[in-house]
Amino acid sequence: MEEDEPPNNLPSDVTALVRRLMEKDEVIVRFLLSDIDEKGNFNDQWLVITTKRVIAVNPATKHLIDVPLQIVRSAKAKDYVGNGELILETVVGPKRLLRFSRRYVEDFRRAAMFIDAMANKKITVNGKSIWNGDYWVKHKEYKKRQVLRWLLSYLKPNWVSLALSLVISLTTVGLSLIPARLMGILLDEVFPSSSNPVGNPRLLLFIILGLLGTYVANSLLGVARSYTLARLGQKVTYSLRVSFYRHLQSMSLSFYDKFSSGRIMQRLISDTQTVQWFLSFGMQTLIISILQILGIGFMIFTINPRLAVIALLPVPVILLGWPSFRKRSRRLYHRNWRRRADVSSLLWSTVPGTIVVKTFVKENFEFRRFVEKMKDLFRASLDSTKLNLKFFPAISFVTYMSTILIWWIGGSDVLSGALTTGTLITFISYISMFYGPIQTISNQFPQIQSSITSAERIFEVLEMESDVKEMPESRAFDFQGKIEIENVDFGYDPYVPVLNNINLTIEPGEVIGIVGPSGSGKTTLTKLLMRFYDPTKGSIRIDGVDLRKIKLQSLRSQIGVVLQEPNLFYGSIAYNIAYAREKAEPEEIVAAAKAANVHEFAMDDSRPLKYDTNVGTGGSRLSGGERQRVAIARAILSDPKILVLDEATSSVDTLTERKIHEAMENLVKGRTTIIIAHRLSTLRKANRIVVMQDGRIVEVGTHSQLMKTGGLYSQLYNAQFEKERAMESDIDGLLAK
Amino acid sequence: MTLKTFIEKLNIVRPEEISICLDEEKNVLFLRYKNTLYQEVVPERPFPISYPEFVILKDSKGDDICSIKDIRKLDDKSRASLEKLLDTLYFIPKILKIIRLEATGDRFEWETETERGKRTFTTRGRRSILFLGNKMVITDTDDNLYQVEDIGALDEKSRKIIQSTF
C-alpha cells in the first residue's frame with residue numbers, strides 16, 4: 001500500500017500558493033496531504049502548518065483557508081463515518097479546516113495534537129523547518145516477496161534431496177528420449193531397404209536389449225524420484241504447518257478478532273495440504289515436463305531444424321494468451337477460495353452452535369443458508385472450469401494443426417528422398433512426446449493455480465506481525481503486585497475509543513472492585529493489563545515497570561484470570577486444573593480443587609474416574625457452575641501475584657453461587673485483585689470500588705464512601721439491593737435446614 | 001492464601017507416621033495416626049488412572065483425615081491392607097494384550113487378556129475411550145472400566161491394533 005506513505009515534499013504549486021500568505025520570517029513547519037477536497041470529492045488537499053498560521057490549500061482549485069495561530073485555541077480531528085474533519089477552535093468560534101478519509105485519520109489526529117501544542121505554546125519552533133518524515137504515521141509497508149520464492153526458502157534446508165530428485169528427473173527424461181531414437185534405427189538400418197537389401201538382423205538384438213535396459217532403469221528411477229519428491233513435499237508441509245501454528249500462537253488477540261476461526265483453520269489444514277500437493281506432486285510434474293520440453297526441443301532441432309521450426313509454431317500463440325489467462329484464472333481461484341472459506345466459516349459457527357439453532361427452530365433457515373453458500377461455490381467453481389475450457393482446448397487445437405503440417409511437409413520430404421522414413425517416424429514420435437508435457441502442464445494447471453492461491457493465503461498470514469510485540473530490552477522479574485494505570489486510552493478500532501483517560505493506582509494486596517453498566521470498558525481494562533492489546537495512549541506499569549518492557553511470559557504467568565465463560569479443554573478435570581502448570585503434583589491439584597470447591601463434585605460417586613474424568617469438548621460435560629470452579633482452581637494452582645476475576649453473569653442457582661463465592665474468597669486472599677463484579681454483594685470485601693461509565697472512571701472509593709456521595713454506584717446498589725436481600729435470606733433458610 | 005496453605009490443609013503424612021490394617025468383614029480400614037486409632041476408615045483415589053499412588057483417607061463421617069502421596073512407600077503390612085481394599089473399591093483391570101478389536105461404526109468389540117484373565121466386552125462411541133498421556137482408559141457399555149497402563153509397553157500386535165484404530 002505504498003500510496004499511503006505520507007509525502008516528504010510539498011509540491012511547488014502548493015508552496016507557491018502558501019508563500020503568498022507568509023510573512024518574511026515565517027517558516028513551513030509541517031505539511032500533510034488529505035485525499036478529500038473542499039467539495040467532498042476525492043482530490044488532493046494540503047494542510048500546511050507554518051510558524052504563524054494553519055492553512056488548507058487545494059492547488060487545483062486555488063481554494064485556501066488561512067487561520068492565524070494567534071487566534072487558535074485548540075485543534076481537534078473529529079471522526080465521522082468514512083471520513084473525518086480537522087476543526088480549529090478559535091476565538092471567533094469553530095473553524096472547519098479540511099476533511100480527510102479514514103486512511104489518514106491517524107495522521108490528522110497527530111496534526112491536531114501538534115497544532116494544539118503550538119497554539120498553547122507547549123512547543124516553540126525555532127525558525128527551522130523540520131523534516132516531515134519523522135513525524136507522521138509510518139504506514140505499514142508490505143514486503144512484496146514472491147510467494148514462490150518464499151516457498152523455495154522452505155526447500156532450502158532440503159537441498160540435497162531436491163538436487164537428488166532433479167538429477168534423477170534429468171536422467172529419466174534422457175532415458176525417455178532413447179526409445180524413439182531406437183525406433184528410427186530399427187526402421188532405417190535393421191529392416192531391409194533399397195540401399196541395404198539384407199537389413200541388419202544382429203542389430204535387432206542390441207536394440208531390444210537397449211530398449212529393455214532403458215525401461216528397467218526408467219521404472220527404477222521413477223520409483224526413486226517419486227519417493228524423494230514426495231518425502232521432500234511432506235517435510236516442507238510439516239515445517240510449513242509448524243511455523244504457521246507457531247506464528248498463530250504468537251499473534252495478538254486483535255488478529256483473532258479480525259479473522260474467523262474457520263478461515264484460520266482452512267489455512268492451517270486444507271491450504272497446507274494443497275501446497276503439499278504442489279510441492280510433492282505438482283512441482284515434480286512441472287519440473288519433469290519442463291525438462292522434457294527442453295530435451296525434446298533440443299533433439300528435434302538436431303534431427304531436422306526445418307521441421308522443428310514448424311513444430312514450434314504454436315509456442316508464440318501460447319505465450320501470447322498465457323498472461324491474460326493467468327490473470328483471470330488467479331482472480332477466479334481466489335474467489336473460489338473465499339467461497340470455500342465462507343462455507344467452512346458457516347459450518348464452524350453453526351455446528352458448535354447447534355443447540356441455539358434448534359432452540360430457535362432455525363434448521364431450515366441454516367439449511368437454506370448453507371445451500372446458498374454451496375450454490376455460490378458451485379457457480380464459482382464452474383466459472384473457473386469454463387475459463388479453463390476456453391483456453392486449453394484452443395491450445396490443443398493449435399498444436400494438432402502443427403502436427404498435421406509436419407506430416408504433410410515431412411511426408412513430401414520422404415517422397416522426394418530428402419528424409420528417411422526412420423527419421424520422419426522418430427521426429428513424429430518426438431513431436432507427440434513434445435506436446436505431451438505441454439498437455440500435462442495444461443491439465444494440471446488448475447491444481448497448480450489453486451495451490452499457489454493457497455500458498456498466497458498462508459503467506460498472507462505469515463507476513464502479518466503481532467500488534468503486541470516484546471521489546472528487546474523487556475525483562476522478567478517477580479511481581480510485588482503494584483499496578484499503575486496512567487492516562488490510558490484504548491479502542492479496538494483505534495478511532496472508536498472504549499477507554500478514555502483512565503488513571504488508577506492499585507497497591508499490592510489490594511482488592512479492587514470494578515462496576516459499571518455493560519460496555520463501560522471493565523473487561524477491556526483487564527485485557528490491557530494482560531497485554532492482550534496495547535493502549536493507544538498512556539501507559540500501564542507493574543511495580544513501576546511499563547508492561548511493554550516486561551517479558552510476556554513473565555507478565556501473563558503472574559497474572560491469573562478467571563473469565564466469565566471459562567474455557568476448558570478436551571481432557572480430564574486434573575488436566576484442566578493443571579493447565580497453568582504442566583508438572584503439577586497431585587497434592588497441588590487436590591489442594592487447589594478443594595479451595596475452589598471442585599473436589600466435592602470431582603469425587604462424586606457418579607464419576608468413577610474422579611479427577612481423571614474427561615470434561616468433554618469445551619467442558620461440555622460439566623455444568624456452568626462447575627466449569628467456573630475448575631477455572632478458579634486453575635488460578636489458585638498457578639498462584640498468581642495479580643488476579644483478575646470476571647464474575648459470571650450467567651445465573652447459577654444460589655447454592656452454587658455461594659460455592660463459587662467461597663472459592664473466590666479463597667483465591668483472593670493476599671493477592672492484588674481486580675474483580676469485575678456484576679453482583680454488588682461481591683464487593684463488600686473490596687478495599688476500593690471503581691465505578692466505570694462510557695469508558696471513563698466516574699467514581700472511586702469504599703462502599704460506604706460511595707453510598708454517601710449518592711452517585712452512580714449508590715443508584716446501582718439500591719436497584720439491586722432488594723433482589724439481593726431476598727436471595728440471601730433464601731440461602732440462609734436453605735442452609736439452616 | 002497461597003497454594004502452600006491449601007496444601008498444608010491436605011495433611012499429607014509421611015509413610016512412617018501411619019499404620020493401616022484391614023477390617024475384612026466390613027471392608028473398611030483401621031488407621032493409627034498421631035496416637036489416635038480411627039475405625040471404619042475409607043480410602044479414596046482422586047486420580048485412579050493418572051496417579052493411583054495418591055490416596056486420601058476419610059473417617060466414618062466422610063471427613064478427610066489425611067492424604068498419602070505414595071502408598072507404595074508404606075510399610076508392607078499397611079500397604080497390603082490398603083491395596084486390597086482399594087482393589088475392591090477401584091476395580092480397573094489392566095489390559096495386557098489385545099487379541100481382537102472389531103469396529104462396526106460406533107461400536108467396538110474387544111477381546112482382551114487382562115491381569116485378571118480373559119475378557120470380552122463392548123464399547124460404544126468415541127467417549128468410551130480416554131487417553132491420558134500414554135495410558136488408556138476404556139469404559140464398556142455396562143460401565144466397567146479397563147485400563148492400558150502404558151500403550152508403548154504392550155506387545156507389537158496389540159500396539160498395532162490400537163494404532164490402526166485410533
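The values are calculated or read from the model by the stated rules, or taken from the named source; none is laboratory data. Quick caveat: nothing in here was measured; it's all calculated off a predicted structure. Don't worry about glycine lacking a Cβ; one is built from the backbone with ideal geometry, like all the others, and counts go over all protein chains shown. Surface areas here come from the heavy atoms of the whole protein model, side chains and all, with no ligands, DNA or RNA. Shrake-Rupley method; radii C 1.70, N 1.55, O 1.52, S 1.80 Å.
Worth a mention:
- The listed peptides B:155-161, A:436-442, ordered by packing as a protection proxy, come out as A:436-442, B:155-161 (highest mean of other Cβ atoms within 10 Å first).
- The sum of -39500 (n - 2.57) across all DSSP H runs of n ≥ 4, divided by the residue count of chain B, sets its helix-only mean residue ellipticity at 222 nm to -6000 deg cm²/dmol.
- On the basis of the beta-carbon distance and an R0 of 60 Å, B:ASP76 and A:LEU212 show a calculated FRET efficiency of 0.20.
- Check: region B:95-165 dipole with +1 on Lys, Arg Cβ and -1 on Asp, Glu Cβ, in debye: 140 debye
- Per DSSP, loop GluC sites (Glu not before Pro) in region B:1-107 with at most 12 further Cβ within 10 Å: B:GLU24, B:GLU25
- Neighbour net charge for A:ASN196 - beta-carbon separation under 12 angstrom, K R +1, D E -1: -2
- With coordinates expressed along the principal axes, the C-alpha atoms belonging to the protein assembly as shown extend over 120, 103, 54 Å, beginning with the largest.
- Ranking of A:MET183, B:MET136, A:MET113 by solvent-accessible surface, largest first: A:MET113, A:MET183, B:MET136 (1.4 Å probe, protein heavy atoms only, all chains present).
- In region A:147-463, lysine pairs closer than 17 Å at Cα, eight or more apart or cross-chain: 5
- These residues, A:LYS39, A:LYS386, A:LYS522, go from largest to smallest accessible area, 1.4 Å probe, as A:LYS39, A:LYS386, A:LYS522.
- Helical segments meeting 27 Å axial Cα length and Kyte-Doolittle 1.6 threshold in chain A (DSSP H): A:159-185, A:283-303
- Sorted from longest to shortest, the spans of the Cα atoms of region A:147-463 along the three principal axes equal 92, 40, 31 Å.
- Protein-only accessible surface at a 1.4 angstrom probe places the residues A:ARG475, A:ARG149, A:ARG20 in the order A:ARG20, A:ARG149, A:ARG475, largest first.
- Calculated FRET value between B:ARG100 and A:LEU389, using beta carbons and R₀ = 56 Å, to 0.05: 0.60
- Pair A:ARG20, A:THR702: separation of 7 Å Cα→Cβ label points (nm): 7.0 nm
- Residues of region A:531-549 with amide N under 20 Å of a point placed 7 Å along Cα→Cβ from A:PHE477: A:531, A:539-549
- Restriction of the trypsin sites (Lys or Arg not before Pro) in region B:1-89 to DSSP coil positions whose beta-carbon has at most 14 other beta-carbons within 10 angstrom yields B:LYS26, B:LYS34, B:LYS61.
- Inter-site label distance for A:GLU460 and B:ARG127 at 7 Å from Cα along Cβ, in nm: 3.8 nm
- Entries in A:LYS594/B:LYS58; A:LYS549/A:LYS669; A:LYS685/A:LYS708 that, when Cα-Cα distance is taken, lie over 20 Å: A:LYS549/A:LYS669
- Remark: the A:MET401-A:LEU164 segment gains 81.5 nm on full extension, using 0.36 nm per residue and subtracting the alpha carbon distance.
- Shown here for region A:568-662: GluC sites (Glu not before Pro) in loop regions (DSSP other than H, G, I, E, B) with at most 15 other Cβ atoms within 10 Å, namely A:GLU582.
- Virtual spin-label span in nm between A:ARG658 and A:ALA117, 7 Å along Cα→Cβ: 5.9 nm
- Cα gyration tensor shape of region B:95-165, rounded if a/c is under 1.5, else prolate or oblate by comparing a/b with b/c: rounded
- Whether region A:186-327 is rounded, prolate or oblate, judged on the alpha carbon gyration tensor where a/c under 1.5 counts as rounded: oblate
- Backbone N within region B:79-95 under 20 Å of label point (7 Å from B:CYS21 Cα along the Cβ vector): B:79-86
- Counting heavy atoms of the protein chains alone, A:MET464 has an accessible area of about 50 Å² for a 1.4 Å probe.
- Taken residue by residue and averaged, Cβ atoms of other chains lying within 10 Å of the Cβ of A:609-617 number 6.
- Extension gain, A:THR354-A:SER412: 0.36 nm per intervening residue step, less the Cα-Cα distance, totals 13.4 nm.
- For region B:3-89, the gyration tensor built on C-alpha atoms gives a rounded shape. Its axis ratio a/c (a ≥ b ≥ c) stays under 1.5.
- Averaged over B:52-63, number of beta-carbon atoms from partner chains that fall within 10 Å: 1
- With a Förster radius of 41 Å applied to the beta-carbon distance between B:LYS160 and A:ASN443, the computed FRET efficiency rounds to 0.55.
- With K and R counted +1 and D and E -1, the other residues having a Cβ less than 9 Å from that of A:VAL468 yield a net charge of 0.
- Value of [θ]222 nm, deg cm²/dmol, for chain A, DSSP H segments ≥ 4, -39500 (n - 2.57) each, nearest 500: -18000 deg cm²/dmol
- For A:PHE392, the solvent-accessible surface computed with a 1.4 Å probe is close to 30 Å², ligands and nucleic acids excluded.
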